[in-house]
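The values are calculated or read from the model by the stated rules, or taken from the named source; none is laboratory data. Bear in mind the structure is a predicted one, so any value in this text is a computation, not a measurement. Every residue, glycine among them, receives a Cβ derived from its backbone with ideal geometry; neighbour counts consider all protein chains shown.
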Amino acid sequence: MLTIALPKGRLQKPALERFTRAGIVPDEEPGVSRKLIIAAGPAARFVVLKDGDVPLYVERGAADLGVCGIDQVLESAADLLTPVDFGFGRCRLCLAAPRGRSVTAELGRSLRVATKFPRLSSQWFLRRGVPVDLVHLSGSVELAAVSGLTDAIVDLVESGRTLEENGLVVVDEILQVTARLVVNRASYRLKVEELLPLLEKLG
Amino acid sequence: MQPATPLPGTQDLLFEAANRLRRCEATLCGRFEDKGYAEVIPPAIEAADVFGPEAFRALDRSGRLIALRADFTAQVARIAATRLAGMSPLRLYYRGSIVRRVAPDSGPVHERLQAGCELVGAAGPEADAEILALAASSLHALGIRGRISLGSTGYFSALATAAGASERLAASLNDAVDRKDLPTLRTLCEREVAPGKARDAILLLAQPPRLETEARELLARAEALAPSEEALQALRRISAALAAARSLGAELEVDLGEVRGLGYYTGIVFNLYAMGSPRPVGGGGRYDTLLGRFGDPRPAVGFSLDLDALVPLAC
């Protein structure tokens, strides 16, 4: 029996398509059903959760494998295998600031940056030797820079429209993001007979 | 005063939990002693330079940096290289707890219960196999079904050298191999490694683990691609250890992507996995240069078991 962590949100549909093509079809539609665990034939089941929680579930073995963006894998610092790049869910983690405002000038204080990705952001600034005052927000990150809470933001950029409509521009790109298959280290070895054919079909 | 609970990452073991641990330890120690291993009990604190950056350190009154035990193998190597210098082979075992930082040089510490064996002064594949078979039979003695996945840090180093990889590139390649991240490994190779045998061999590292005949096929494919004598020797060493361990009754799988280990591993490296544990329950490898740090260069190989993970699974 394989337990698969399926993310809610924009990654769910393309992820389900890939699993369906690989022969793993949920008995009920996850978008419709309120169930948190959905069987998929006799040999697999889906657990449905927020994409940011996928790495933890898989690392701790509550799920054998799962789907989430590489941004979530790296931000969680979970110890996982990442054997397949699905290619969908493509976006970029970017440093962005209000148009015309310099984030490289000497401010005489730390650069204030709002983000949902404190680990990836602080690593990136640390590598560049830039002192930052990171503000960890849970949503509407753009607002932080627009309202003056911070000088800049680090956030995911898909089309760039949200940034544009709020007068923000991309200053630098931190990470190219796509959806990844993540696999628990022990499951990979102990359930290799079940997993390998699936990995080949998903890959 | 705050309610007095154990610090995060530590625990009290009471009654049945304490009994279970002691029963498992007794089973394991019995197995180790049957195979000719003798117990050593190193101290709980050491000079800090015996361990790596994962150790929890403090200054003593004279300003000397000391550390809580972070790794039994380093302590056993120190003992073997000093008081037991020149006596080969040595078969030593230990049990007890280690204290480590969760992440090197920062963050909280945790305490872990371990038991393990070190075979010092034996360089051949029979020694590798003896340790592999003893690790396998330890799981068996606890009534735990598991798998041992065998790789080699020596082979990875040989490939990185043959590819002319910088330290930074080697670290990136190692990380991608360790994560079975074939897409990233491909990108790195295409961008930074010249086409050739070394590159093809590195790409083969992200292959899934193979059992039995498939393992031999995988090793044969890798041998055909071996870019240097060093790489070829490392592969032959895996094959020899595999064959010798099989003759001792241990079932192994070969995973050339099993490249993670403590910094001092130089040859074969392996991890133990058991049904019911999301992390490896033990691991080990060959460390032929560690004793040299303490003044008595001799080859050695060993393994340790994570009792926190194993005791709840043992029957």
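Per-structure values
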| item | result |
| --- | --- |
| Failed criterion for B:Gly143 (all others in (1) within 14 Å of another protein chain (Cβ to nearest Cβ); (2) outside any helix (DSSP H, G or I) hold) | (1) |
| Test: B:Arg61 is farther than 20 Å from B:Val301 by Cβ and either outside any helix (DSSP H, G or I) or among the aromatic types (Phe, Trp, Tyr) (or both) | yes |
| Any chance B:Leu235 is touching a residue at least 60 places away in the same chain (Cβ under 8 Å), among the hydrophobic types (A, V, I, L, M, F, W, C), out of contact with any His (no Cβ under 7 Å at 6 or more places or on another chain) and assigned to a strand (DSSP E or B) | no |
| Filtered residue count, the range A:139-162, keeping only those that are surrounded by 15 or more Cβ atoms within 10 Å (Cβ to Cβ), touching a residue at least 60 places away in the same chain (Cβ under 8 Å) and not β-branched (Val, Ile, Thr) | 2 |
| Test: B:Gly86 is at pLDDT below 95, out of contact with any Leu (no Cβ under 6 Å at 6 or more places or on another chain) and not in a helix (DSSP H, G or I) | yes |
| Pairs with Cβ under 6 Å, 6+ apart, first in the range B:46-67 and more than 11 Å from B:Arg101 (Cβ to Cβ), second part of a strand (DSSP E or B) and among the basic types (Lys, Arg) | B:Ala48/B:Arg57; B:Leu65/B:Arg57 |
| Options B:Ala47, B:Ala103, B:Ala85, B:Ala70: the member that is small (Gly, Ala, Ser) and crowded, with 23+ Cβ neighbours inside 10 Å | B:Ala70 |
| Matching residues, the range B:208-229, being of a type outside the set (A, V, I, L, M, F, W, C), within 16 Å of B:Gly257 (Cα to Cα), part of a helix (DSSP H, G or I) and within 14 Å of chain A (Cβ to nearest Cβ) | B:Glu214 |
| Count of residues meeting criterion [of a type in the set (D, E, K, R) and over 20 Å from A:Leu198 (Cα atoms)] in the range A:9-52 | 7 |
| Strands (runs of 3 or more DSSP E) completely within the range B:250-315 that count 2 or more residues being within 12 Å of chain A (Cβ to nearest Cβ) and more than 9 Å from the chain's Cα centre (by Cα) | B:252-254, B:268-274 |
| Tally, over the range A:117-138, of residues that are loosely packed, with under 15 Cβ neighbours inside 10 Å, small (Gly, Ala, Ser) and under 22 Å from the mean Cα position of the chain (by Cα) | 1 |
| Filtered residues of the range A:163-178 (kept if surrounded by 14 or more Cβ atoms within 10 Å (Cβ to Cβ) and either assigned to a helix (DSSP H, G or I) or within 12 Å of chain B (Cβ to nearest Cβ) (or both)) | A:Leu163, A:Thr178 |
| All positions within the range A:111-140 that are part of a helix (DSSP H, G or I) and in contact with a Ser or Thr (Cβ under 6 Å, 6 or more places away or on another chain) | A:Ser121 |
| Among residues of the range B:165-181, those that are surrounded by fewer than 21 Cβ atoms within 10 Å (Cβ to Cβ) and either facing another protein chain (nearest Cβ under 9 Å) or under 22 Å from the mean Cα position of the chain (by Cα) (or both), counted | 7 |
| Pair list, Cβ under 8 Å, 6 or more apart: the range B:1-30 residue closer than 14 Å to B:Asp308 by Cβ, other residue of a type in the set (A, V, I, L, M, F, W, C) and loosely packed, with under 13 Cβ neighbours inside 10 Å | B:Gly9/B:Val102 |
| Failed item, numbered, when B:Val109 is tested on (1) at pLDDT 95 or above; (2) in a strand (DSSP E or B); (3) over 16 Å from the mean Cα position of the chain (by Cα) | (1) |
| Test: residue in the range A:184-199 that is crowded, with 21+ Cβ neighbours inside 10 Å, touching a residue at least 40 places away in the same chain (Cβ under 8 Å) and assigned to a strand (DSSP E or B) | no |
| Exclusive hit being surrounded by 12 or more Cβ atoms within 10 Å (Cβ to Cβ), farther than 21 Å from B:Leu132 by Cβ and of a type in the set (Asp, Glu), set B:Glu33, B:Glu25 | B:Glu25 |
| Options A:Arg119, A:Arg128; residue that is of a type in the set (Lys, Arg) and either touching a residue at least 40 places away in the same chain (Cβ under 8 Å) or within 14 Å of another protein chain (Cβ to nearest Cβ) (or both) | A:Arg119 |
| Options A:Val103, A:Val169, A:Val130: the member that is modelled with pLDDT of 95 or more and not hydroxyl-bearing (Ser, Thr, Tyr) | A:Val169 |
| Within the range A:70-116, considering residues that are among the aliphatic types (A, V, I, L, M) and within 14 Å of chain B (Cβ to nearest Cβ), the one surrounded by the fewest Cβ atoms within 10 Å (Cβ to Cβ) | A:Ala77 |
